[in-house]
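**Student:** This is the structure I want to talk about, given as structure tokens.
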Amino acid sequence: MAGAEWKSLEECLEKHLPLPDLQEVKRVLYGKELRKLDLPREAFEAASREDFELQGYAFEAAEEQLRRPRIVHVGLVQNRIPLPANAPVAEQVSALHRRIKAIVEVAAMCGVNIICFQEAWTMPFAFCTREKLPWTEFAESAEDGPTTRFCQKNHDMVVVSPILERDSEHGDVLWNTAVVISNSGAVLGKTRKNHIPRVGDFNESTYYMEGNLGHPVFQTQFGRIAVNICYGRHHPLNWLMYSINGAEIIFNPSATIGALSESLWPIEARNAAIANHCFTCAINRVGTEHFPNEFTSGDGKKAHQDFGYFYGSSYVAAPDSSRTPGLSRSRDGLLVAKLDLNLCQQVNDVWNFKMTGRYEMYARELAEAVKSNYSPTIVKE
Ligand SMILES: NC(=O)NCCC(=O)O
């Protein structure tokens, strides 16, 4: 499995395919070609100074007679942890705040309205270790913890800030949470990871339970948004419920490694955008994180001190099946995408998945299927 030395699928295709083949391959793999955004020169200069990748693409919709275009610029941030996982907790958090501040400033230059960071962005993804300290010390209040206060200084942007939450008002319970901060600076609300992985080194059930807040959708000045945290992307019903509640953009802040999921990555969020007539934004962290103590995961493999390679490759997908190229597999990056939310309804009117979804039939059948005395309908000779 390639690490940082293999830069991206896109770079590989561009290097090896003759132009006519490249165009057809891209048409099939990425849908209709997106226009590159003309981002300000000073944004590229700042990105280069700060050593992160900056890319921008526009998703266009047809002109309508009765509705004006509903334009929103989203920003997706992927990054490495700047300090090693054994550095003092407060120093790690401060270093991540500093890193993200530099990227958010460039997002502001690019006119980003809604920005989303990666899953548990204030910490190393330490849940593989199953150790409690020091990792539980990274947990903070969603309402007024230091990271939420940091995100409230936000350049008139809505900020989606996925953190490890400590809910001190309710038994000090920890959650995997995304806080949504309005562009006014107010905390609009929070949402919690609904599906907790029990796969490979992803031992997250040691730290928190499945989310108990359902599928909230946040009405922002720029559109209705929802957050489907990482492993939730493998669950089509999770995407569906955010969409049924009216989400036009669903963010998927993640932490996932190449050996486990890289072949699933380009498919799942993109399929969700198609199936639910909405935009989806898939974000993954970058690099290999090393932990002080060895751990095993009951899979017969030798004890090890790292998770494997987080392959970045963040991208945005649209309801018409088009998608941006991914950010690189190896560098920190900011992906800016200009969306016209009118595309959601336009694609809905063409494909009618909501109208043809037969949800009442599935609701009835699922209500039966979850009963303990259910026997599956199998017709036998
Ligand atoms: N963070 C997380 O839920 N990772 C699980 C692995 C995956 O979904 O690819």
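**Student:** Considering each of Asn113, Asn86 in turn, give the residue that is out of contact with any Lys or Arg (no Cβ under 8 Å at 6 or more places or on another chain), open to solvent by 10 Å² or more (accessible area, probe 1.4 Å) and over 22 Å from Asp156 (Cα atoms).
**Tutor:** After applying the criteria, what remains is Asn86.
**Student:** Just to be sure I understand, how many residues within region 274-321 are among the charged types (D, E, K, R), touching a Phe, Trp or Tyr at 6+ places or on another chain (Cβ under 9 Å) and open to solvent by 40 Å² or more (accessible area, probe 1.4 Å)?
**Tutor:** Residues meeting the conditions: 2.
**Student:** Is there any pair linking a residue in region 123-142 that is among the aromatic types (Phe, Trp, Tyr) to one that is open to solvent by 10 Å² or more (accessible area, probe 1.4 Å) and part of a helix (DSSP H, G or I), with Cβ under 8 Å and at least six apart or on different chains, and which?
**Tutor:** Phe127/Thr206; Phe138/Val89; Phe138/Val93
**Student:** Considering only residues that are assigned to a helix (DSSP H, G or I) and open to solvent by 100 Å² or more (accessible area, probe 1.4 Å), which ones fall in region 329-359?
**Tutor:** Once the filter is applied, which keeps residues that are assigned to a helix (DSSP H, G or I) and open to solvent by 100 Å² or more (accessible area, probe 1.4 Å), region 329-359 yields Asp349, Val350, Trp351.
**Student:** Now for a different question. From the list Asp320, Asp349, Asp340, exactly one residue is touching a helix residue (DSSP H, G or I) at 6+ places or on another chain (Cβ under 8 Å), modelled with pLDDT of 95 or more and over 17 Å from Arg233 (Cβ atoms). Which is it?
**Tutor:** After applying the criteria, what remains is Asp320.
**Student:** Do the conditions hold for Thr206, that is, is it out of contact with any Gly (no Cβ under 8 Å at 6 or more places or on another chain), hydroxyl-bearing (Ser, Thr, Tyr), within 16 Å of the ligand (Cβ to nearest atom) and open to solvent by 20 Å² or more (accessible area, probe 1.4 Å)?
**Tutor:** Criteria met by Thr206.
**Student:** For region 253-286, name all the residues that are small (Gly, Ala, Ser) and within 15 Å of the ligand (Cβ to nearest atom).
**Tutor:** Ser254, Ala255, Gly258, Ala259, Ser261, Ser263, Ala269, Ala272, Ala282
**Student:** I'm told His195 meets every condition in (1) within 16 Å of the ligand (Cβ to nearest atom); (2) at pLDDT 95 or above; (3) open to solvent by less than 30 Å² (accessible area, probe 1.4 Å) except one. Can you identify the failing condition by its number?
**Tutor:** Answer for His195: the failing condition is (3).
**Student:** Return the residues of region 229-252 that are open to solvent by less than 20 Å² (accessible area, probe 1.4 Å) and near the ligand (Cβ under 9 Å from one of its atoms); say none if nothing qualifies.
**Tutor:** Matches in region 229-252: Ile229, Cys230, Gly232, Arg233.
**Student:** Specify which of the listed residues (Ala85, Ala47, Ala4, Ala62) is closer than 30 Å to Glu248 by Cα, under 23 Å from the mean Cα position of the chain (by Cα) and aliphatic (A, V, I, L, M).
**Tutor:** Just a single option satisfies the conditions, and that option is Ala47.
**Student:** Also: Can we say Lys190 is more than 18 Å from the chain's Cα centre (by Cα) and away from the ligand (no atom under 14 Å from the Cβ)?
**Tutor:** So Lys190 fails the test.
The values are calculated or read from the model by the stated rules, or taken from the named source; none is laboratory data. Computed from a prediction, not measured in an experiment: that's the story for all the values here. Reconstructed Cβ throughout: ideal geometry from the backbone, glycine too, with neighbour counts over all protein chains shown. Heavy atoms of the whole protein, side chains included, go into the accessibility calculation; ligands, DNA and RNA do not. Shrake-Rupley method; radii C 1.70, N 1.55, O 1.52, S 1.80 Å.
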